[in-house]
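In what follows, a single structure is set out as structure tokens and then discussed.
The values are calculated or read from the model by the stated rules, or taken from the named source; none is laboratory data. Small disclaimer: the values here were computed from a predicted structure and weren't measured. Cβ atoms come from the backbone with ideal geometry, glycine included; neighbour counts cover every protein chain shown. Side chains included, ligands, DNA and RNA excluded: accessible areas come from the protein's heavy atoms. Shrake-Rupley method; radii C 1.70, N 1.55, O 1.52, S 1.80 Å.
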Amino acid sequence: MGPGFRCSISGGKEGAEAGTLSIMVGGRKENHERCLPILQAMGKNIYYLGALGNGLSLKLVNNLLVAVNNLAVAEAVSLGTKAGLDPGSSWK
């Protein structure tokens, strides 16, 4: 029998030290409920997402959104610079 549940986390070192991680859980509900006090000690936002692997899926979707937003910001700064705006001004 495989693992009862798995967690993906978000929040980095700072979140871990402050106990404010976001924890995305997938797997058996009863195992999630049994471990919830431990998860609450480590994280502020705990999401139970159902089937095993769903926590990882949500983390990957979140990482994709962050990457796309970072790319959009880079493109906007490049466009503004090419249009003659000073990238050192407060527009970015």
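If contacts are Cα pairs under 8 angstrom and at least 6 residues apart, what is the relative contact order of the stretch 1-65 in percent?
On the way: 112 pairs, mean separation 24.2, N = 65.
Dividing the mean separation by the residue count of the stretch 1-65 yields 37 percent.
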Roughly how many Å² of L64 are accessible to a 1.4 Å probe, to the nearest 10?
110
Report the residue, chosen from L79, L60, L71, that carries the largest GNM mean-square fluctuation when the chain is represented by alpha-carbon nodes joined by springs under 10 Å.
L79
Taking protein heavy atoms only, a 1.4 Å probe, and rounding to whole percent, the accessible area of the chain owed to carbon and sulfur comes out at 61
Once both labels are modelled 7 Å past Cα along the beta-carbon direction, what's the N63-I38 spacing in nm?
2.3
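Starting from the Cα gyration tensor of the stretch 1-69, take the square roots of the eigenvalues, sort them a ≥ b ≥ c, and report rounded, prolate or oblate (rounded when a/c is under 1.5, otherwise prolate if a/b is larger than b/c, else oblate).
Numbers: a/c = 2.61, a/b = 1.21, b/c = 2.15.
Here the stretch 1-69 falls in the oblate category.
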